Amino acid sequence: MLFEELNLIEPILKALQTEGYTQPTPIQEQSIPTILQGRDLLGCAQTGTGKTAAFAIPMLQLLSKPHTNTKVHKAIKALVLTPTRELAIQIEESFKAYGKNLPIRHLVIFGGVGQKAQTDALNRGVDILVATPGRLLDLMNQGFINLRDIEIFVLDEADRMLDMGFIHDVKKVIAKLPLKRQTLFFSATMPQEIQKLADTILTSPLKVEVTPVSSTAEKIKQEMYFVAKNDKKNLLIHILQDKTIETALVFTRTKHGADRIVKDLIKVGIRAEAIHGNKSQNARQRALTNFKAKTTRILVATDIAARGIDVDELAHVINYELPNIPETYVHRIGRTGRAGLSGTALSFCDAEEKDFLKDIEKLIALKIPVTEDHPYAMSWQSLMSAAAEKPKAKGQGGNPRGQGSRGNGRPSGGGQGGGQREPNLSGAKRTPSSGSRRWSSKGSKPKA
Ligand code: AMP
């Protein structure tokens, strides 16, 4: 199926083309026609399935119909409520990208920053408001926001709202919405309380369920290497001595880090190139072509730059650093093991990254097996103590090489507990991809 078959208006189709999207993802294929009909939707899907575009595209189309009433012209017509600032920013960026050829005004608001810019924008008029619950209620209480003209309400990541203790705030917001509205409800899981909430706020919704991204992770062989930060370089070189690793995509958090790894690898005779935001489009394209042709063995990429990469026969992904957003891990490792081919994802975890690992294992509901058979192995305990010592011995990676690494002694419930996530301040946000990712329509299961 192509986007052209979904009865979308030309300005949206053009914007999708610019994004490099050709085929809708399974959740988009099912949700877009339903939302365009004005029906409620219950989407069981998590980040990575294309769910943002699944609601953003039809919302933009519905809201692009001319509103004759000038009072309504000023009013907020759609509200998207999402738990974190990071998600809120991503969602607004999606509206911006897919709505770039439409005169629709959107705004994102979240806490932790001054409110002046937000209230100024609200005063100028906003059609679609993307918000986190706290700041939304705050500005509602101050009289800057009124929800009485909302036509479409989206509740995003409802289960995470519950985990993060926002559910009461969410209910307060819902109480202020007009009863006559279209509601789109998204949640990765359906605990009882979320199911109850869905039942009370949705009217005969279409249920759409797509296999969570984590199932991709289960198909890929994953290995975790506990290692001191200072040893990561040597560990990478050690791993790449294995000639059966024909090519590998190495992920790093920073552009600078990517360049450094390339230099280190070249020094020991391993052909490597980096792609990141500081490289020109031509340089990136060249590096990618070399990598696909296997004249470059190792491609080192930042998450942002890697988004457009589509390499079919990629057998190895190496996370030189763990991402602080667990979904990013799933996206990264999903680069391998495509089209039924086997894939291996190796990850390095140093003391400072152990919390990221917990979050990742919670998301994929899987404990990643630890590889201890390497010269730089650290046990989970030594990783924990290195982390505890960190504030005292700043910059000291510590190298307990050779230290007993029998049995990693990790707590068995790695990552359990609905701990509050830190907002992502790293800038590692995802924006709509300009890549041409292909989506399989397998694994989607429409209901009722
Ligand atoms: P989401 O699940 O909304 O967080 O989206 C996951 C990623 O997939 C985002 O980076 C989107 O830009 C990208 N994406 C969404 N829909 C498509 C599509 N139809 N084709 C290619 N990429 C897409």
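Summarising the amide proton neighbourhood of V300: residues at separation of 5 or more, or on other chains, whose placed amide H is nearer than 5 Å comprise V250, E273, A274, I275. The packing ranking of peptides 113-124, 37-48, highest mean first, is 37-48, 113-124, where packing means the average number of other beta carbon atoms within 10 angstrom of each residue. Note on Q195 and E352: the model spin-label points, each 7 Å out from Cα along the C-beta direction, lie 4.3 nm apart.
Fully extending the segment from I237 to E313 would add 25.2 nm, taking 0.36 nm per residue of separation and subtracting the current Cα-Cα distance. Backbone amide hydrogens, once placed in the peptide plane, bring V80 within less than 5 Å of L129, V130, A131, V154, excluding anything fewer than 5 places away on its chain. Couplings for region 325-332, taken from phi via the Karplus curve 6.51 cos²θ - 1.76 cosθ + 1.60 with θ = phi - 60°, read 10, x, 4, 4, 4, 5, 4, 4 Hz in order; Gly and Pro are left as x.
With a Förster radius of 41 Å, plug the Cβ-Cβ distance of T254 and L177 into 1/(1 + (r/R0)^6) and report the FRET value to the nearest 0.05. With R0 = 41 Å, the Cβ-Cβ based efficiency is 0.45. Working note: Karplus 6.51/-1.76/1.60 with θ = phi - 60° gives region 168-175 the couplings 5, 4, 4, 5, 5, 5, 4, 4 Hz, where Gly and Pro are set to x.
For E209, the residues whose modelled amide H falls within less than 5 Å of its own, excluding neighbours fewer than 5 places apart on the same chain, are C44, K445, K447.
Accessible area per residue for region 3-209 is 41 Å², calculated with a 1.4 Å probe on protein heavy atoms, without ligands, DNA or RNA. Extension gain, K116 to S342: 0.36 nm times the residue separation minus the Cα-Cα distance gives 76.2 nm. Each residue of region 296-303 was assigned a 3J(HN,Hα) from its phi angle through the Karplus expression (A = 6.51, B = -1.76, C = 1.60, θ = phi - 60°), giving 10, 7, 10, 10, 9, 9, 8, 4 Hz with x at Gly and Pro. Between A387 and S280, the distance separating the two model label sites (each 7 Å from Cα on the Cα→Cβ line) works out to 4.4 nm.
If r is the Cβ-Cβ distance from K221 to T18 and R0 is 45 Å, what FRET efficiency results, to the nearest 0.05? That gives a FRET efficiency of 0.80. Annotation: for a label point projected 7 angstrom from Cα along Cα→Cβ of K74, residues of region 123-141 with backbone N closer than 17 Å are 123-128. Could you bin all the Cα-Cα distances of region 3-209 into 5 Å bins starting at 0 and give me the percent of pairs in each, rounded to whole numbers? Result, from short to long distances: 1, 7, 17, 21, 22, 17, 10, 4, 0 percent.
Solvent-accessible area of region 3-209 (1.4 angstrom probe, protein heavy atoms only): carbon and sulfur portion equals 51 percent.
The values are calculated or read from the model by the stated rules, or taken from the named source; none is laboratory data. Computed from a predicted model, the values in this text were never measured in an experiment. Heads up, the Cβs are rebuilt from the backbone with ideal geometry, glycines too, and the neighbour counts pull from every protein chain shown. For accessibility, only protein heavy atoms count, side chains too; no ligands or nucleic acids. Shrake-Rupley method; radii C 1.70, N 1.55, O 1.52, S 1.80 Å.
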